[in-house]
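What follows is a set of notes on a single structure, which appears directly below.
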Amino acid sequence: MPNGNKLKEYKHASGGWGSLRAVAEVLVREHATLQGSRILMRQNKPDGHMCVSCSWAKPKDPHTFEFCENGAKATAWDLTDKRVDPDFFASHTVTELETWHDHELEEAGRVTSPMRWNAETDRYEPVDWDAAFEEIGRELRAIAPAAAALYTSGRASLETAYMYQLFARMYGTNNLPDSSNMCHESTSVALTAAIGVGVGTITLDDFEKTDLMFFFGQNVGTNSPRMLHQLQDARRRGVPIITFNPIREPGLVSFVNPQSPGEMLTPGATQISTQYHQVKAGGDLAAITGLCKALLEADTLSVGEGRGSLLDRDFIDRHTVGFQAFAQFVRRTDWAEIERESGLARAALEGAAAAYARANAVIAHFGMGLTQHRTGVENVRMVTNLLLLRGNIGKPGAGPSPVRGHSNVQGQRTVGITEKPELAPLDKLAAQYAFEPPREKGLDTVGMCRGIMDGDIRAVMQLGGNLVRSVPDRYAFEPAWRKLRLTVGITTKLNRSHLVHGAVSYILPCLSRIESDVRPHGPQAVSIEDSTGCMHGSRGSATPAGPDLRSEQQIVAGIARATLGEDTAVPWTDWENDYALIRDAIAETYPDIFHDFNARMWTPGGFHRPLPARDRQWKTKSGKAEFLAPESLCEDPDMQAMDATTLRLFTLRSDDQFNTTIYSLDDRFRGIKGTRMVVLMNPMDIDRLGLAAGQHVCLEAVADDGVERRVNGLEVVAFDLPAGCVAGYFPECNPLVPLWHHARESHVPAVKSIPVRIVEANPAYADPPIE
Ligand SMILES: Nc1nc2c(c(=O)[nH]1)N[C@H]1C(S)=C(S)[C@@H](COP(=O)(O)OP(=O)(O)OC[C@H]3O[C@@H](n4cnc5c(=O)[nH]c(N)nc54)[C@H](O)[C@@H]3O)O[C@H]1N2
Ligand SMILES: Nc1nc2c(c(=O)[nH]1)N[C@H]1C(S)=C(S)[C@@H](COP(=O)(O)OP(=O)(O)OC[C@H]3O[C@@H](n4cnc5c(=O)[nH]c(N)nc54)[C@H](O)[C@@H]3O)O[C@H]1N2
Ligand SMILES: [Mo]
């Protein structure tokens, strides 16, 4: 029930004409119509390029239009004919560019030449590639490797990621923070401990065999829209979908297939969720405990009445440990606490549990709504507990389905991007490349941020990403980032993290995956891993945005040679000329996953990595799948002490953004137009706190560390979400997140439950220069 003149209720199903029109509009806006439609036809096809937007699975029998509105936006964003060239930089100082909105910076177009910041002119000036590599190498050699961090956003290919981690380790550091540290790291930690693999176990085939699906905190219509096709097919077979989300997201409510002319002409939207539970933000531990409790209670009844067990007793006995302790925790927890913490009624949870008990094969999809909490790891463990009760792992049509973010974020981890030495094949790398890799733990993203703020980190290289915007505690982080000695951004576009920069600063422009990449050994291809553990080849065909761009592989090889010298066992130059050689090297390091990589990468639908848990082999400490009870149901014990003015803020993505890339200020699905500076509130909270919709307020973080964290100028919007919870946008609300407010075990910033209170708009807090 949005209000105000900027807000328009979205009454339609997701997809539909709105979606097709949006694709056409974005191609026009980026002046990419001619090439754009041709390129889109190759998107996610076995002989084409893999979309640069989300990581959802690419089917072996793709639709003619195997792309969604948001994938088309991401493609058009790279295909744009706008350029940020040396002339652009000559006409704007960095100080001036800092006054631009984030959206304007990226909208200015593709960076075309390597640029170096000149302190005297306060401008980025063109520089020769070799000179850039030479100086970066010299700078890196001058500092201790432990004082450098090499960040990876999740878009770079398997080939680049492998080279990058190898370079970092030969240089001497495991400081390889990456975007999954802010994303699904809670999943990796939880699933590894519980079932012995850190990734989801389902593939697309499982959609055809499942009897029921859960959705916990994942916004499919915006963030993985191609999955709506599989959901629609499942719904047509009568498969129920049970959703837990504080907001009624249109994509989880209903869907019209914009690519099906029949459906477009009739008003027949497919209902997606058959049950929709508007859980409180941070209430999933309680909600899932409720599901388990209802199931155990119904099981006792069923067994008592001689109707048999509702649990998969055989599976529990043979394949799991920890059931008794878990069941005890569940039985001990009372319904009043479950209802209070989840915000859901017992009857509603019993209804969901009854549907679960009737289904033989169940998939649980989940996203940031579970992972980005203090209890992020416990949340994912709890989903696993629920699945284990009925043997829903390692059988067709069933399993955990963490829906990953960036298009290759899962794959980068698979080929060694990790700060945890125990997860990297260090002995293998040592033997393959005749060097001694560092064995000590490196820094994850939160650790890197702390190192930057403390002055311990002196150099940061970003292979993609926009850390100044994506990490917590922006107002402390930005000034610290400016004190770095060296900042290097390998990037397609200009963003805030290039403007807030170190003493020596480079912008190194790279090809996008959709562009053709011709090297001395001919046209090159790369590869990625999708959310379901399938590897795909990807060949770009668009004309590169400029003649001076280099591929990410070339850039990493250039920096590696300049830093490490020519005399290493790695054939950097051969690799950058022929990516097939990098794949051979990957196959040598990881033969189980990548044997015959070059041949198999073009398998339609991708080739699947072996996942022991799919075959009920558990590579855990106990050798079994492990139940684990949480310590308590409370998301954040610190919150309990707070008074009634404290609200729980969760940060959202709109349908017109990709992380820190803001395509426009509209959020069509949530009916918000022309601004992202909003705070969505329950009408009762608006009344209770004496506010009015349309009023501008300031949000203040509630934390007892003496640091003031505020975001000013947010318009109050009445919205259908649970009382006590409020929502705002990522990254605008990031200044409100204390760096230490993260998942306890995985260190994922808890950006889905930030304690805040509303204070009067205060002119002393100038609006941050983002709108
Ligand atoms: N178009 C587009 N696609 C994207 C991205 C993008 O920005 N734009 N980003 C990519 C990346 S990197 C990622 S990680 C994924 C992110 O995709 P998602 O995992 O979907 O992440 P979010 O959009 O942050 O939020 C997910 C949902 O969680 C709900 N939620 C919030 N708090 C809670 C809670 O406590 N419990 C429950 N049950 N639900 C909650 C929110 O209402 C929202 O609907 O998408 C990827 N794909
Ligand atoms: N409050 C809050 N904070 C969050 C989140 C949240 O939900 N709420 N979500 C978190 C999540 S899930 C994630 S994944 C992080 C993301 O954090 P980051 O990885 O830091 O940010 P992105 O916005 O994904 O990176 C965008 C930039 O990548 C560069 N880029 C784009 N394409 C390419 C390419 O092909 N190659 C190269 N080299 N560069 C490219 C462009 O410069 C673009 O500006 O943010 C996290 N932060
Ligand atoms: Mo992410």
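Along segment 135-141 the Karplus relation, 6.51 cos²θ - 1.76 cosθ + 1.60 evaluated at θ = phi - 60°, assigns HN-Hα couplings of 5, 4, x, 4, 4, 5, 5 Hz to successive residues, with x for each Gly and Pro.
Separation of segment 410-436 from segment 645-679 is 38 Å, based on Cα centroids.
Run the dipole for the chain about the Cα centre, Lys and Arg Cβ at +1, Asp and Glu Cβ at -1, nothing else charged, and hand back the magnitude in debye, nearest 20.
Approximately 1640 debye in magnitude.
Summary of packing: across the peptides 145-158, 410-423, 653-666, the per-residue average of other C-beta atoms within 10 Å ranks them, highest first, as 145-158, 410-423, 653-666.
Using Cβ point charges alone (K and R +1, D and E -1), the dipole size of segment 14-79 about the Cα centre works out to roughly 60 debye. Would segment 175-322 count as rounded, prolate or oblate if I go by the C-alpha gyration tensor, calling it rounded below 1.5 in a/c and otherwise prolate when a/b exceeds b/c, oblate otherwise? Verdict is oblate for segment 175-322. For segment 646-765, the Cβ-based charge dipole about the Cα centre amounts to some 160 debye (Lys, Arg positive; Asp, Glu negative; other atoms uncharged).
Considering Cα pairs under 8 angstrom that are at least six residues apart, work out the relative contact order of the chain and quote it in whole percent.
Working: 1749 pairs, mean separation 167.3, N = 771.
In percent, rounded to a whole number, it is 22.
On C-alpha positions alone, give me the angle between the axis of helix 227-236 and the longest principal axis of the chain, in degrees, nearest 10. That works out to roughly 30 degrees.
I want the antiparallel fraction of DSSP beta bridges within segment 652-771, as a percent rounded to 5.
Antiparallel bridges make up about 75 percent of those DSSP assigns within segment 652-771.
Which entries of K58/K395; K73/K493; K395/K619; K420/K624; K82/K493 show an alpha-carbon separation above 19 angstrom in the structure shown? From the list (K58/K395; K73/K493; K395/K619; K420/K624; K82/K493), the Cα-Cα distance tops 19 Å for K58/K395; K420/K624. Karplus-derived 3J(HN,Hα) values for segment 597-613, using 6.51 cos²θ - 1.76 cosθ + 1.60 with θ = phi - 60°, are 3, 4, 7, 7, 5, 9, 4, x, x, x, 9, 8, 6, x, 10, x, 4 Hz; glycine and proline are entered as x. The overall shape of segment 515-609, judged from the alpha-carbon gyration tensor, is oblate: a/c is not under 1.5, and a/b is no greater than b/c. Work out the FRET efficiency for E98 and E135 from their Cβ-Cβ distance, taking R0 = 22 Å, and round it to the nearest 0.05. That gives a FRET efficiency of 0.40.
Sort segment 557-711 into rounded, prolate or oblate with this rule: let a ≥ b ≥ c be the square roots of the eigenvalues of the Cα gyration tensor; rounded if a/c is under 1.5, and if a/c is not under 1.5, prolate when a/b is larger than b/c, oblate otherwise. It comes out prolate by the Cα gyration axes.
Extending 7 Å from the Cα toward the beta-carbon at both W740 and A580 defines two label points whose distance is 5.5 nm. Computed extension gain for A142 through V707, at 0.36 nm per residue and net of the alpha carbon distance, reaches 200.0 nm. FRET efficiency for the N360 to A723 pair, using the beta carbon distance and R₀ = 35 Å, is estimated at 0.40. Between S302 and K441, the simple spin-label model (points 7 angstrom out along Cα→Cβ) gives 4.2 nm.
Taking the C-alpha atoms only, the angle from helix 69-79 to the longest principal axis of the chain is near 10 degrees.
In the chain, helical runs assigned H by DSSP with n ≥ 4 each contribute -39500 (n - 2.57); averaged across all residues and rounded to the nearest 500, the mean residue ellipticity at 222 nm is -10000 deg cm²/dmol. Of all DSSP bridge pairs formed entirely within the chain, close to 40 percent run antiparallel. Based on Cα contacts under 8 Å between residues 6+ apart, segment 646-765 shows a relative contact order of 36 percent. A straight chain from E208 to S632 at 0.36 nm per residue would run longer than the Cα-Cα distance by 149.0 nm. With all protein chains present, how much of the accessible area of the chain (probe radius 1.4 Å) comes from carbon and sulfur, to the nearest whole percent? Percent of accessible area from carbon and sulfur atoms in the chain: 52.
Ranked by the mean number of other Cβ atoms within 10 Å per residue, highest first, peptides 315-326, 542-553, 526-537 order as 526-537, 542-553, 315-326.
I'd like the FRET efficiency for A644 and S37, computed as 1/(1 + (r/R0)^6) with the beta carbon distance as r and R0 of 41 Å, rounded to 0.05. Walk me through the intermediate numbers first.
Details: r = 54 Å, r/R0 = 1.33.
So, using R0 = 41 Å, E works out to roughly 0.15.
With a cut-off of 8 Å between alpha carbons and a minimum separation of six or more residues, what is the relative contact order of segment 185-407 in percent?
Relative CO of segment 185-407 lands at 32 percent.
In this rough spin-label picture, where each label sits 7 Å from Cα along the Cβ direction, the A434-V28 distance is 6.2 nm. Of the residues G343, G399, Y433, the one whose Cα sits farthest toward the positive end of the charge dipole of the chain, with +1 on the Cβ of Lys and Arg and -1 on the Cβ of Asp and Glu, is G399. Of the peptides 492-502, 121-131, the order by per-residue mean of other Cβ atoms within 10 Å, starting with the highest, comes out as 492-502, 121-131. Lys/Arg Cβ at +1, Asp/Glu Cβ at -1, dipole of the chain taken about the Cα centre: which of A693, N219, Q271 is farthest positive-ward? Result: Q271. Each of W575, V362, L176 was placed along the dipole of the chain (beta-carbon charges, centred on the mean Cα), and the one lying farthest toward the positive end is V362.
The values are calculated or read from the model by the stated rules, or taken from the named source; none is laboratory data. Owing to the predicted nature of the structure, the values given are computational and were not obtained by experimental measurement. We place every Cβ from the backbone using ideal geometry, glycine too, and count neighbours over all the protein chains shown. All accessible areas refer to the heavy atoms of the entire protein, side chains included, with ligands and DNA or RNA removed. Shrake-Rupley method; radii C 1.70, N 1.55, O 1.52, S 1.80 Å.
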